[in-house]
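One structure below.
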Amino acid sequence: MAELAYLQVSRVCNQKCLFCSNPANGRVISWAEAARWIDSFAKDRAAGVILTGGEPTMFPGLARLVAYAVKRRLAPRLITNGQKTAERGYLRRLARAGLRHMHISIYSCRAAVQGRLTGNPESLDNIRRSLVQACELGIRVDVNTVISKANAGHLRELVGWVTDLAPQVRHFVWNNLDPLMNEGSAANDLVPRLRDFEVELHKAMTWLASTGRSFRVERVPLCFMSEFPHRSTETRKLIKDEGRRIYFLDEKGLRVQDHNAWTYKKGARCAQCRLERLCAGLYQLGVYYSEAELCPVFTDPAEVARRVREDS
């Protein structure tokens, strides 16, 4: 099965998120290099290319690059913080170039929380405009959310806010906070316990499933996924033996990740769990996250595998 490729086009940003996974380093890809990577991904028959960063809208030739990807029959996507795309003329240019799918990162539907986490008090207002305008332009929008202690108590409220504003949004992705990224290691007050978000994540997943929407969850062990272990990103990668290619604008360069990239540490209790071989374990176990929170579950692993393969 063909995989999506990821291309960082800009490591510059117009926000200062406290837990950025790819913080600004000042680099912006040249047009020639960007085109070469698009050519390479197209030659390898990638399913599409996700343009990311940093903040990809800081790349000056983004609309041109979107059009070039379309020309090479490589469906382009965009992962953005939703700030520059709030400018209607800018988003319309991307749509005219062929952008049909974007992911907007939203951490909270509470303006003060979103502003604190991004260092931008106007962040939520701009996201609101981006959501509305993208839907008006016929651009599919998925929502990406980092789970932190700041939003752990209102995840269900966030999905309700998004879908009330933009009912066309059908897919959500949650990433449990990576405390090693950017300022996260210093901002220990943002690292949640698994118990901090267990109830809210369950409420959000249950409501989305009841409305026919889809979702994925990363860095959350299966004992905290209730009846939705088949929606774990890592579990899906392990069952399908999927990898991905990412070109980073830093010393990492091109990375090809195989299924080994989707496994973390496990605790003693994990040996008693029926889903042990399908679970990635707990990221930063024993450092920021505690083994004491883990517990074995007794769901049939064959049933989880079946649901993964049947789930689009």
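The values are calculated or read from the model by the stated rules, or taken from the named source; none is laboratory data. Since the model is a prediction, treat every value here as computed from it, not as a measurement. Using ideal geometry, Cβ is built from the backbone for each residue, glycine included, and neighbour counts are taken over all protein chains shown.
Does residue 69 satisfy the criteria of being surrounded by fewer than 20 Cβ atoms within 10 Å (Cβ to Cβ) and either assigned to a helix (DSSP H, G or I) or at pLDDT 95 or above (or both)?
It is false that residue 69 is surrounded by fewer than 20 Cβ atoms within 10 Å (Cβ to Cβ) and either assigned to a helix (DSSP H, G or I) or at pLDDT 95 or above (or both).
Okay, residues lined up against (1) within 18 Å of the chain's Cα centre (by Cα); (2) charged (D, E, K, R); (3) farther than 18 Å from residue 94 by Cβ:
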{"site": "127", "(1), (2), (3)": "yes, no, no"}
{"site": "132", "(1), (2), (3)": "no, no, no"}
{"site": "142", "(1), (2), (3)": "yes, yes, no"}
{"site": "145", "(1), (2), (3)": "yes, no, yes"}
{"site": "156", "(1), (2), (3)": "yes, yes, yes"}
{"site": "159", "(1), (2), (3)": "yes, no, yes"}
{"site": "164", "(1), (2), (3)": "no, yes, yes"}
{"site": "169", "(1), (2), (3)": "yes, no, no"}
{"site": "175", "(1), (2), (3)": "yes, no, yes"}
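Taking the stretch 158-216 as the search range and keeping residues that are over 30 Å from residue 137 (Cα atoms) and of a type in the set (Val, Ile, Thr), which one is modelled with the lowest pLDDT?
Looking at the filtered set, the residue picked out is 191.
From 276, 242, 251, grab the single residue that is farther than 21 Å from residue 200 by Cα, surrounded by 14 or more Cβ atoms within 10 Å (Cβ to Cβ) and without any contact (Cβ under 8 Å) to a residue 24 or more places away in the chain.
Selected residue: 276, the only one of 276, 242, 251 that is farther than 21 Å from residue 200 by Cα, surrounded by 14 or more Cβ atoms within 10 Å (Cβ to Cβ) and without any contact (Cβ under 8 Å) to a residue 24 or more places away in the chain.
Kindly evaluate residue 158 against the criterion of being free of Cβ contacts under 8 Å to residues at least 40 places away in the same chain, assigned to a helix (DSSP H, G or I), crowded, with 18+ Cβ neighbours inside 10 Å and not polar (S, T, N, Q).
The answer is no for residue 158.
Taking the stretch 121-141 as the search range and keeping residues that are crowded, with 19+ Cβ neighbours inside 10 Å and not β-branched (Val, Ile, Thr), which one is farthest from residue 54 (Cα to Cα)?
133
For the stretch 188-202, what are the residues that are of a type in the set (A, V, I, L, M, F, W, C), within 15 Å of residue 226 (Cβ to Cβ) and in contact (Cβ under 8 Å) with a residue 40 or more places away in the chain?
194, 197, 201
How many residues are under 30 Å from residue 29 (Cα atoms), modelled with pLDDT under 80 and not basic (Lys, Arg) when one looks only at the stretch 217-247?
4
Working only within the stretch 209-229, note down all residues that are part of a helix (DSSP H, G or I) and crowded, with 21+ Cβ neighbours inside 10 Å.
The answer is 222, 223, 224, 229.
May I ask you to list pairs of residues, at least six apart or on different chains, whose Cβ atoms are under 8 Å apart, with the first in the stretch 52-70 being touching a residue at least 40 places away in the same chain (Cβ under 8 Å) and closer than 16 Å to residue 103 by Cα and the second being crowded, with 19+ Cβ neighbours inside 10 Å and among the basic types (Lys, Arg)?
53/11; 54/11
Please pick out the residue among 77, 72, 92, 100 that is out of contact with any Asp or Glu (no Cβ under 7 Å at 6 or more places or on another chain), under 20 Å from residue 44 (Cβ atoms) and of a type outside the set (Val, Ile, Thr).
77
Check the stretch 40-52 and report whether any residue there is in contact with a Cys (Cβ under 8 Å, 6 or more places away or on another chain), crowded, with 20+ Cβ neighbours inside 10 Å and not hydrophobic (A, V, I, L, M, F, W, C).
no
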